[in-house]
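Below is one structure, written out as structure tokens; comments come after it.
Please treat every number below as a calculation from the coordinates, not as lab data. In this text, all values refer to a predicted model and were calculated from it rather than measured experimentally. Every residue, glycine among them, receives a Cβ derived from its backbone with ideal geometry; neighbour counts consider all protein chains shown.
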Amino acid sequence: MHAEPRASRFVQRLGEGEPRRIRVSFEFFPPKTEEMEKTLWESITRLAPLKPNFVSVTYGAGGSTRERTHSTVKRILAETALTPAAHLTCVAATCEEIDAVIESYCTAGVRHIVALRGDPVGGIGERYAPHPGGYRNAADLVAGIKRLSDVEVSVSAYPEKHPDSPTVEADLDMLAAKVDAGAARAITQFFFENDLYFRYLDRVRARGIDVPVVPGILPVQNFKQTKAFAARCGASVRDMGIDLVYAVCHLLGLRPSHEASREASDGRGALPLPAGERAGVRGVG
């Protein structure tokens, strides 16, 4: 008996050889300064022709970027053909305060919200505690959003388990609760090992959760910042730099002595790797 093959991670072909279009979305941070705003809109202008499925705008801990998030979303609606998704968290706010934000988004024309519990206001190391008069968690927030409006709701998922979840099963229970409350899609925390995503997807499907689970990708612009961000959200990056350096050296023909000796006996010497092996560099996906 052969196990059912896993779906390809590569672009599939449909119909008369027509390629299936890859659907992507982009996440933007609301700008803090005029210079950052200029950079943001230059980025939006450059990325818009790629026709993303949607673009999301983040929301700071405790609603610290609420006004900037709202104004960025409104400008995207007014000046581009992009579909914006506004992030929303329930940290340090009452249900009434959050409901007012939801209604303001809907009034502005937003039809997609990314619902997140959010990080504690005190940051890493502080234990999360729901606001006494607020939504308890992300599943509760999703239910509140769907009670007020029939907007599309995306939620988060964690291939390496949320840092606050006691077990993997508890983490999957929370994802199931968010989907049961009305979430149409899950977007994963970033990861650098593709197998982490595929193993997680297997567990999600085995749990009976059938919504799309979109893999999150983080372009590494600053390794120190990426490592700090990963520490806060429980993502592993420990071996990324080592593996990438090793892979590049491998492609250049540098081998450990035992591999070089074996390849010499095979008559391969230091020839470049086959194309299939070139695609296997971890962290590139």
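Considering only the other residues whose Cβ falls under 11 Å of the Cβ of His112, what net charge follows from Lys and Arg at +1 and Asp and Glu at -1? Intermediate values should be presented prior to the final figure.
Numbers: positive: Arg111, Arg185; negative: Glu152.
Spelling it out: positives minus negatives among the neighbours equals +1.
Order by neighbour count: Leu141, Leu196, fewest other Cβ atoms within 10 Å first, most last. Kindly include the intermediate steps, with their values, before the conclusion.
Working: Leu141 28, Leu196 16.
Starting with the residue having the fewest Cβ neighbours, the order is Leu196, Leu141.
In the structure displayed, which of Lys38/Lys161; Lys74/Lys146; Lys74/Lys161; Lys38/Lys178; Lys51/Lys178; Lys38/Lys224 lie more than 31 Å apart, Cα to Cα?
Over 31 Å Cα-Cα: Lys38/Lys161; Lys74/Lys161; Lys38/Lys178.
Compute the Rg/Rh shape ratio of the stretch 61-161: radius of gyration over Kirkwood radius, all on alpha-carbon atoms.
Numbers: Rg = 13.6 Å, Rh = 14.0 Å.
Taking Rg over the Kirkwood Rh, I get 0.97.
How long are the three semi-axes of the equivalent ellipsoid of the stretch 35-74, in whole Å, if each is the root of 5 times an eigenvalue of the C-alpha gyration tensor, listed from largest down?
Its equivalent ellipsoid spans semi-axes of 21, 13, 7 Å.
Where Rh is the Kirkwood radius over the Cα pairs of the stretch 13-221, the temperature 10 °C and the viscosity 1.306 mPa s, what D in µm²/s does Stokes-Einstein return? If you can, show how the numbers build up before the last one.
Values: Rh = 18.1 Å.
My calculation gives 88 µm²/s for D.
Determine the dipole magnitude for the stretch 84-131: charges of +1 sit on the beta-carbon of Lys and Arg, -1 on that of Asp and Glu, nothing else is charged, the reference point is the Cα centre, and the result goes in debye to the nearest 20.
Numbers: 3 positive and 6 negative charges, 40 e Å.
Computed charge dipole of the stretch 84-131: roughly 200 debye.
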